[in-house]
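Chemist: Let me begin by handing over the structure; questions about it come next.
The values are calculated or read from the model by the stated rules, or taken from the named source; none is laboratory data. Everything quoted here is computed from the prediction, not taken from an experiment. Note that each Cβ is placed from the backbone with ideal geometry, even for glycine, and that neighbours are counted across all protein chains shown.
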Amino acid sequence: MIILSTLIISTVVCSGISIVFYSLYNGISPMPTSSKVKHQVLDVLSENETQGTIYELGSGWGTLAFAIAKRFPKCQVIAYENSLVPYIYTQIYKFFIRTNNLNIKRENFFNALLSQANTIVCYLSTDIMVRLQPKLASELQKETLVVTNTFALPSWTPQQTIETEDLYRTKIHIYVNQNKAKKNRR
């Protein structure tokens, strides 16, 4: 009994330390997307007749990634999360619900090539959006749909901004990339 208690406490403490470490490293903690925002993002993707490959950058606990994969079973969904505990959680959850069109990668999306995306979805932070903007501009193909939760791309003009009817009046920013991506090296 003491060994089991010690193991559980050690696991909880190590998980907490890991989450704090990656939150500091990434500049944002893994935050689940609220139910109302999740439904609004799914509606936006449906209205834009989303097809092909959808990338979720910084998928956290997978709240949105699993919902996207379920709503769009013909799409390939690639979710990036580099924080260890949320990544392990999503892998365990995926094992039980068997989502075949969802690929969860434990990788920093800044190191990933995004040129195959037809749609990008993200819920990041202001600082990360500033850093992400040039990567999107240089890698995304023309007409790639970009949907951001709360935080806008600083110098891109959204095609539309929707205010969600939640407590925070969360804004969903919808962009369509107008730049032709440069040839990517990889």
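Chemist: Got a number for residues in the range 34-75 being closer than 14 Å to residue 100 by Cβ, crowded, with 18+ Cβ neighbours inside 10 Å and of a type outside the set (Gly, Ala, Ser)? Can you show your working first?
Modeler: Initially, the range 34-75 is screened for residues closer than 14 Å to residue 100 by Cβ, giving 65-66, 68-70, 72-75.
Those left that are additionally crowded, with 18+ Cβ neighbours inside 10 Å: 65-66, 68-69, 72, 75.
Keeping just the survivors that are of a type outside the set (Gly, Ala, Ser) gives 66, 68, 72, 75.
Within the range 34-75, residues that are closer than 14 Å to residue 100 by Cβ, crowded, with 18+ Cβ neighbours inside 10 Å and of a type outside the set (Gly, Ala, Ser) number 4.
Chemist: For the range 32-72, how many residues are of a type outside the set (A, V, I, L, M, F, W, C) and touching a residue at least 40 places away in the same chain (Cβ under 8 Å)?
Modeler: 15
Chemist: Restricting to the range 73-132, name every residue that is over 24 Å from residue 52 (Cα atoms) and of a type in the set (Gly, Ala, Ser).
Modeler: Residues satisfying the conditions are 83, 125.
Chemist: Moving to a separate point now. Can you name the residue in the range 44-81 that is under 15 Å from residue 146 (Cβ atoms) and part of a helix (DSSP H, G or I) and is also modelled with the lowest pLDDT among such residues?
Modeler: 47
Chemist: Tally up the residues in the range 86-130 that are buried (at least 19 other Cβ atoms within 10 Å of the Cβ) and not β-branched (Val, Ile, Thr), please.
Modeler: Counting residues in the range 86-130 that are buried (at least 19 other Cβ atoms within 10 Å of the Cβ) and not β-branched (Val, Ile, Thr) gives 11.
Chemist: Before we move on, is residue 165 of a type in the set (Asp, Glu) and surrounded by 13 or more Cβ atoms within 10 Å (Cβ to Cβ)?
Modeler: Criteria not met by residue 165.
Chemist: List every residue pair whose Cβ atoms lie under 9 Å apart, where the two residues are 6 or more positions apart in sequence or sit on different chains, the first residue falls within the range 141-159 and is closer than 14 Å to residue 121 by Cβ, and the second residue, located anywhere, is in a loop (DSSP other than H, G, I, E, B) and aromatic (Phe, Trp, Tyr).
Modeler: Pairs found: 146/156; 148/123; 149/123; 150/123; 150/168; 151/123.
Chemist: Within the range 139-148, is there a residue that is part of a strand (DSSP E or B), within 18 Å of residue 61 (Cβ to Cβ) and β-branched (Val, Ile, Thr)? Before the answer, list the steps.
Modeler: Of the residues in the range 139-148, the ones part of a strand (DSSP E or B) are 145-148.
Within this subset, residues satisfying the condition of being within 18 Å of residue 61 (Cβ to Cβ) are none.
No, that holds for no residue.
Chemist: Polar (S, T, N, Q) and within 21 Å of residue 51 (Cβ to Cβ): is that true of residue 164 in this structure?
Modeler: When the stated conditions are applied, residue 164 does not pass them.
Chemist: Let me spell it out: the conditions are (1) touching a strand residue (DSSP E or B) at 6+ places or on another chain (Cβ under 6 Å); (2) in contact (Cβ under 8 Å) with a residue 60 or more places away in the chain, and residue 165 meets all of them except one. Which number is the exception?
Modeler: (1)
Chemist: Quick one: in the range 82-122, which of the residues that are hydroxyl-bearing (Ser, Thr, Tyr) and assigned to a loop (DSSP other than H, G, I, E, B) is nearest to the chain's Cα centre (by Cα)? Walk me through it before giving the result.
Modeler: First pass over the range 82-122, keeping only residues hydroxyl-bearing (Ser, Thr, Tyr): 83, 87, 89-90, 93, 99, 115, 119.
Checking which are assigned to a loop (DSSP other than H, G, I, E, B) leaves us with 83, 99, 115.
Values: 83: 12, 99: 16, 115: 16 Å.
In this case the residue turns out to be 83.
Chemist: Considering each residue of the range 75-89, count those that are free of Cβ contacts under 8 Å to residues at least 60 places away in the same chain and closer than 17 Å to residue 121 by Cα, and give that number.
Modeler: Summing the residues that are free of Cβ contacts under 8 Å to residues at least 60 places away in the same chain and closer than 17 Å to residue 121 by Cα in the range 75-89 gives 7.
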